[in-house]
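The values are calculated or read from the model by the stated rules, or taken from the named source; none is laboratory data. Since the structure is predicted, the reported quantities are computational estimates derived from the model, not experimental observations. Positions of Cβ are generated from backbone atoms using ideal geometry, with glycine treated the same way; all protein chains shown enter the neighbour counts. These area figures cover heavy atoms from the full protein model, side chains too; ligands, DNA and RNA do not enter into them. Shrake-Rupley method; radii C 1.70, N 1.55, O 1.52, S 1.80 Å.
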Amino acid sequence: MIRTILIAILVLLVNVGNAQTKIEWSPEVELGIANFKSEQTEINSDLESNFVQTGAYMNFNYQMSSYEFMFTKNFNSKVSTEFVESAAVISAVDSTTADFMVDFVQYNFDLTELYARKFRKEIYEEKGAFSSSDFFLPIFEKYQKELTSENARVSKLTELGKKSELLKSERQRVLKEIEILSDYCKSCKPPKSKKKRN
């Protein structure tokens, strides 16, 4: 009995520990340097260059029978935008640079959610009763490519967040686009399309 309780507590602690390594996107989440929990994260004036690894990603994961898949139209809840603290790295020569980089990663986290919403919207619109179970793959790849390209553009434009006013402007644009796609948040139910009248 005691052994069973100890195992249950251990499993619970492991699950709580794992849960803390991922942060799911929400409008309230603001990242800080404390969220960069990789062992590679450091602020050190002896560094030769700065480095950032964002730790944010878009994930699509569903498990269902063929029958369930056939009759499922809304996959919003199956698409997540997550920030993995243990994969996020900031290596900066000083704390000012680190702060700029944190702001850039926050932008990247928001940008990832924007593309998750674009993905949710398109699979909602494209999914039919007889769609194959991998119909989403080219759509996912398309948005991953666009996300990478846009992230690279803003990274270069803002010098990884150093040009803070430019970064703020880019982030505001992304947040507005997220709001426009408000029907495609993870917990949202998209509106039913109106049937055309003859």
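Results, tabulated for the structure shown:
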{"item": "Any hit, the range 163-183, residues being part of a loop (DSSP other than H, G, I, E, B), out of contact with any Lys or Arg (no Cβ under 7 Å at 6 or more places or on another chain) and either open to solvent by 20 Å² or more (accessible area, probe 1.4 Å) or within 22 Å of Glu42 (Cβ to Cβ) (or both)", "result": "yes"}
{"item": "Where a residue in the range 71-95 is on the phi > 0 side of the Ramachandran plot and its partner, wherever it lies, is open to solvent by 60 Å² or more (accessible area, probe 1.4 Å) and not in a helix (DSSP H, G or I), with Cβ under 8 Å and at least six apart", "result": "none"}
{"item": "Filter result for the condition that a residue is over 26 Å from Gln172 (Cα atoms) and either part of a strand (DSSP E or B) or at pLDDT below 80 (or both), over Tyr57, Tyr62", "result": "Tyr62"}
{"item": "Options Phe83, Phe100: the member that is modelled with pLDDT of 95 or more, under 28 Å from Glu165 (Cα atoms), crowded, with 17+ Cβ neighbours inside 10 Å and out of contact with any Phe, Trp or Tyr (no Cβ under 9 Å at 6 or more places or on another chain)", "result": "Phe100"}
{"item": "Subset tally (residues that are open to solvent by 70 Å² or more (accessible area, probe 1.4 Å) and out of contact with any strand residue (DSSP E or B) (no Cβ under 8 Å at 6 or more places or on another chain)) for the range 28-48", "result": "8"}
{"item": "Identity of the residue in the range 110-159, among the hydrophobic types (A, V, I, L, M, F, W, C) and in contact with an Asp or Glu (Cβ under 9 Å, 6 or more places away or on another chain), that ends up nearest to Ala56 (Cα to Cα)", "result": "Leu111"}
